[in-house]
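The structure appears below as structure tokens.
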Amino acid sequence: MLAWTALGLALSFRLALAQSGVEHGLPASAPQGDLLFLLDSSASVSHYEFSRVREFLGQLVAPLPLGPGALHASLVHVGTRPYTEFSFGQHSSGAAVQDAIRASAQRMGDTNTGLALAYAKEQLFDMAAGARLRVPKVLVWVTDGGSSDPVGPPMQELKDLGVTVFIISTGRGNFLELSAAASAPPEKHLHFVDVDDLHIIAQELRDSILDAMQPQQQQLRASEVTSSGFRLAWPPLLTANSGYYVLELVPSAEPGAVRRQQLPGNTTGWAWAGLEPDTDYDVALVPESNERLVGPQHLRVRTLPDEAGPERIVISHARPRSVRVSWAPALGPASLLGYQVLYGPLQGGAAQRVEVPAGGNSTTLQGLAPGTVYLVTVTAAFRSGRERALSAKACTPPGERSRAPPLPDAGARGP
């Protein structure tokens, strides 16, 4: 009798383990979330590059805790029209997702990334596509850098809905545009890497994805903080028919200076602008509903110091065909996307541009013409969308005069 009782307990325990996902190798504390890979599958990507990226994504997902009660993954191709390779929950293990990625074929066509992002937003929040409510959402976009349609607006909509966006560019993308598209800070969410070196970022990206999948202790969150504003996002707590929100903003040092905004119940984000730099603000999100009680949420956000452009441009190391340009870094480095150095002959001619990351403050201009005066403009681009510029003149010295051919010897006789 005892033996049958022990056997029954063992079978019950084994069934419980299987239902909980432990039998599939998933830890009890495995994070839940929806992970969508947006893969550039258009004709702008060579077959070799596509195969290398496909192999990288397979290696990236294999160790992730994918399965029921954990992470779900989906793959969407960017092309003339978006195409779903597999939807959320279709594969229940990292190995199965890896096999599905490796079996995917390049779609070719145009690079309509904006259209694919709008489609990705639907997939991430569509229960019919296997998406789940109230779990973290992560988008990993792998691109060669170009798009046939605008990317900014649909990407912003995703971030407003609380989606964490990682971008991997194979090196030909615009640094400033991709920095603005990725979640903040870009140094954590944006990677420029050659297709043959993608394995270098695999572990870092995998850890960052898992961090983004951890449940947020504070549902109300701030992003894109600048010196004059920030963006708020929160999960859907109400619907358009069940109530509305009252959003309050108060400078911590001035409790009486309250700003209020009433928003529909289907709103999940709001951007505050026109704020003071380097100031603490207390934010309260108050859901108002007659159907159910939903408690308020609170958050304190500090705006960044004021944004000031580059100062004291210094021209040095002047050579006939190159000069070095340096400048004092812009103020507000945390809100800085990077610099653009625009230069061209002062007397007219084609202008050229060099991009410098936010951490740099100098560059060498190559391929100049000897004995020419150039106008050099250094522009600091900030996350707020504002730009600050400063210009200076740079002169290249004349090139070495070519030596005249030696005169023939007067005493020499011809043949």
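The values are calculated or read from the model by the stated rules, or taken from the named source; none is laboratory data. In this text, all values refer to a predicted model and were calculated from it rather than measured experimentally. Here the Cβ positions follow ideal geometry from the backbone for every residue, glycine too, while neighbour counts run over all protein chains shown.
Would you check if F230 is assigned by TED's automatic domain parsing to the domain that holds L293 and out of contact with any Cys (no Cβ under 7 Å at 6 or more places or on another chain)? Answer is yes for this residue.
Kindly indicate whether any position in region 306-326 is assigned to a loop (DSSP other than H, G, I, E, B) and among the hydrophobic types (A, V, I, L, M, F, W, C). Checking region 306-326: not a single residue is assigned to a loop (DSSP other than H, G, I, E, B) and among the hydrophobic types (A, V, I, L, M, F, W, C).
Within region 189-201, the set of residues being surrounded by fewer than 16 Cβ atoms within 10 Å (Cβ to Cβ) and either over 14 Å from F56 (Cβ atoms) or touching a residue at least 60 places away in the same chain (Cβ under 8 Å) (or both) comprises D196, H199. Note on region 124-150: residues that are modelled with pLDDT of 90 or more and surrounded by fewer than 20 Cβ atoms within 10 Å (Cβ to Cβ) amount to 0.
Is it the case, given these coordinates, that R81 is modelled with pLDDT under 90 and either within 28 Å of G145 (Cα to Cα) or surrounded by fewer than 20 Cβ atoms within 10 Å (Cβ to Cβ) (or both)? So R81 does not fit the description; no. Restricting to region 254-273, name every residue that is closer than 18 Å to S223 by Cβ and surrounded by fewer than 14 Cβ atoms within 10 Å (Cβ to Cβ). Those that are closer than 18 Å to S223 by Cβ and surrounded by fewer than 14 Cβ atoms within 10 Å (Cβ to Cβ): Q261, A271, A273. Would you confirm whether or not region 104-112 contains a residue that is more than 22 Å from the chain's Cα centre (by Cα), modelled with pLDDT of 90 or more and among the hydroxyl-bearing types (S, T, Y)? Yes: region 104-112 contains one or more residues that are more than 22 Å from the chain's Cα centre (by Cα), modelled with pLDDT of 90 or more and among the hydroxyl-bearing types (S, T, Y).
Scanning region 266-305 for residues that are out of contact with any helix residue (DSSP H, G or I) (no Cβ under 7 Å at 6 or more places or on another chain), in contact (Cβ under 8 Å) with a residue 60 or more places away in the chain and not in a strand (DSSP E or B) returns T303, P305.
Pairs meeting the criteria (first residue in region 138-166 and over 19 Å from P185 (Cα atoms), second residue of a type in the set (V, I, T), beta carbons under 6 Å, at least 6 apart or on different chains) are D144/V45; D144/T170; G146/T111; S147/T111; S147/T113; S148/T111. Please verify whether region 90-102 includes one or more residues that are in a strand (DSSP E or B), over 29 Å from G146 (Cβ atoms) and not basic (K, R). The answer is no, given that none of the residues of region 90-102 is in a strand (DSSP E or B), over 29 Å from G146 (Cβ atoms) and not basic (K, R).
Residues of region 105-161 that are in contact with a Gly (Cβ under 7 Å, 6 or more places away or on another chain) and part of a helix (DSSP H, G or I): P154, D160.
Here is the figure for region 170-203: residues that are touching a strand residue (DSSP E or B) at 6+ places or on another chain (Cβ under 8 Å), part of a helix (DSSP H, G or I) and more than 17 Å from E49 (Cα to Cα) total 8.
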